1. Could you figure out which of (1) surrounded by 17 or more Cβ atoms within 10 Å (Cβ to Cβ); (2) out of contact with any helix residue (DSSP H, G or I) (no Cβ under 9 Å at 6 or more places or on another chain) isn't true of SER137?
2. Are there any helices (runs of 4 or more DSSP H) wholly within the range 261-376 with 2 or more residues that are touching a helix residue (DSSP H, G or I) at 6+ places or on another chain (Cβ under 9 Å) and aromatic (Phe, Trp, Tyr), and if so which?
3. Return yes when GLY99 is over 21 Å from LEU220 (Cα atoms) and free of Cβ contacts under 8 Å to residues at least 24 places away in the same chain and no when it is not.
4. Restricting to the range 278-315, name every residue that is in contact with a Gly (Cβ under 6 Å, 6 or more places away or on another chain) and either closer than 11 Å to LEU346 by Cα or at pLDDT 95 or above (or both).
5. Within the range 196-216, is even one residue surrounded by fewer than 22 Cβ atoms within 10 Å (Cβ to Cβ), away from the ligand (no atom under 14 Å from the Cβ) and among the hydrophobic types (A, V, I, L, M, F, W, C)?
6. Look at the range 196-220 and say how many of its residues are more than 22 Å from PRO28 (Cβ to Cβ) and touching a Pro at 6+ places or on another chain (Cβ under 8 Å).
7. Does the range 3-10 include one or more residues that are over 23 Å from GLY235 (Cβ atoms) and crowded, with 23+ Cβ neighbours inside 10 Å?
8. Being more than 16 Å from the ligand (Cβ to nearest atom) and part of a loop (DSSP other than H, G, I, E, B) is the filter here; which residues of the range 133-155 pass it?
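The values are calculated or read from the model by the stated rules, or taken from the named source; none is laboratory data. All values reported here derive from a predicted model rather than from experimental measurement. Virtual Cβ from ideal backbone geometry, glycine too; neighbours counted across all protein chains shown.
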Amino acid sequence: MSIYEELGVRPLINANATLTRLGGSLMPPEVMAAMEEASRHWVDLEDLQYRIGEELARLTHNEAAYVATGAAAGIALAVSACVTRDDPKWREQLPDTTGMKNEVIVYKTHRNGYDFAARMVGVRMVDVGTSAGATASELEAALSDKTACILWFQGVMTGQGEPSLAETIAIADAHGIPVLVDAAAQLPPAENLWRFTQMGATAAIFSGGKDLCGPQTTGLIVGRKWLIEMIPPLGSPNAGLARPMKVGKEEMAGLLAAVRRYLRIPYEERVARDERVVEDWRTALAAIPGVTVTRSWPSEAGQPMPRAQVRINATIFGFDASEVARRLWDGDPRIAVAVADDSLFLNPMTVTDQEAIIVTQRLARILNPLSHSALQ
Ligand SMILES: *Cc1c(COP(=O)(O)O)cnc(C)c1O
C-alpha cells in the first residue's frame, strides 16, 4: 500500500503544469539516488553548500550559485543581500531595514503573489507604471538612493511599451543597481540557466522543483559572485533571516543531480514528443461536436513548449470548461488541468504517454453527447 493510499490522499494525473500545489515535480531515479547517498553521512553543511554552489556555477556558466529552499526563498535571499550588502550589523537588523537601501523596484505589470518573498525582507515595493504598462522614463524616475534592486519577473506579463529585460538592465547598470530575475518557471530551455545572467542580470532565480525535477523544496540562485557571496551568512545554518528556510544536504545533492541530468536532455527530442502528445489530443477530441482543439504556444509561463487548448462550447453542452475540469478532478483517477475562460489547457510536459491516453478517454466520456444525461 502506498503512503498516499494509507493516508487516503488521492494521487493524480497532472495535465496542468509543474505546480507547487500538485507536488511541483517528480524526481527521476538519479536525483533520488543522490539524495539517498547524501542522507547516509554527516557533513559540514556550509562546506557542502559552498562546493555544490561552485559545481552548479560551473555547470550553468555562472560566476556563482547557491541552493535555496525554493525560488521564493531565493528571491528573499537575493533581495536581502541587495539590502544588507556585506554589513553584519544590517544582516542582524533584518527585517527592519531602517537606514538601508530598502526599496525594490518592480513593474506594476509584474506584481504577483511571489513578491511576498521580497516584502518579507522588510522592503517597500515601488511600482513602475500602471497595470497597462510602463516606460523607460518611468523606470528612471522610480530609481533613487533608496533603491536596493530591480526585481524582474520573467514570464508572459510584460505590459505595453515596457522596456525589455535588456533595456531594464542597461538603465539599472547606468545607476549601479542590481537586477534580479525571477525565472522560477523559465525552463526549458536549459540555456536560460545562463541566458539572463549573460544578458547582465545580477542574479537569476530558478525553481529546483519544477521542470528541473529536483527536490520540490529547492531553488537555484545563479549570478554574480559579489552578490552570491553575501548570501550564506543570511541563510541556514547561520542564524540569519533565512534560517527558517533551511536546505538539507539531501536537497542540495538532489538539486545538483537534477541540474546535471537536465543539461543532458535534448530539447528537440522533448519538444517533438510533446508535440506528438498534443497532436494526439487534438485528433482524438476535435471530432466531438462543440469542442475545438488547437495547439497553444508557448506554455503558460512562457516556456517554448506546446499545450492543447480545448475550447468547450457551453451552449451545446449545457456546462462549461470549469465544470469539465471539476469532473476531471472529482473522477477516478483524479486529473488536474488548467482552465482559462472557455477552455481547458492540457499540458504534455507533466504526463506520461499512458496518462495522456487516460486524459483523452476521460474527456471523451465527459464530452460524449450520449453520456450527457447520464452525467448530469
Ligand atoms: C513557482 C514560482 C515561484 C516560486 O518558486 P518555488 O520554487 O515554489 O519557491 C516564484 N516565481 C514564479 C514566477 C514562479 O512561477
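1. (1)
2. Hits in the range 261-376: none.
3. Answer is yes for this residue.
4. ASN313
5. Just the residues of the range 196-216 that are surrounded by fewer than 22 Cβ atoms within 10 Å (Cβ to Cβ), to begin with: 198-200, 216.
Now restrict to residues that are away from the ligand (no atom under 14 Å from the Cβ): 198-200.
Then keep just the ones that are among the hydrophobic types (A, V, I, L, M, F, W, C); that gives 199.
Checked the range 196-216: at least one residue is surrounded by fewer than 22 Cβ atoms within 10 Å (Cβ to Cβ), away from the ligand (no atom under 14 Å from the Cβ) and among the hydrophobic types (A, V, I, L, M, F, W, C).
6. Summing the residues that are more than 22 Å from PRO28 (Cβ to Cβ) and touching a Pro at 6+ places or on another chain (Cβ under 8 Å) in the range 196-220 gives 2.
7. No, the range 3-10 has no match at all.
8. Within the range 133-155, ALA134, THR135, LEU143, SER144, ASP145, LYS146 meet the criteria.
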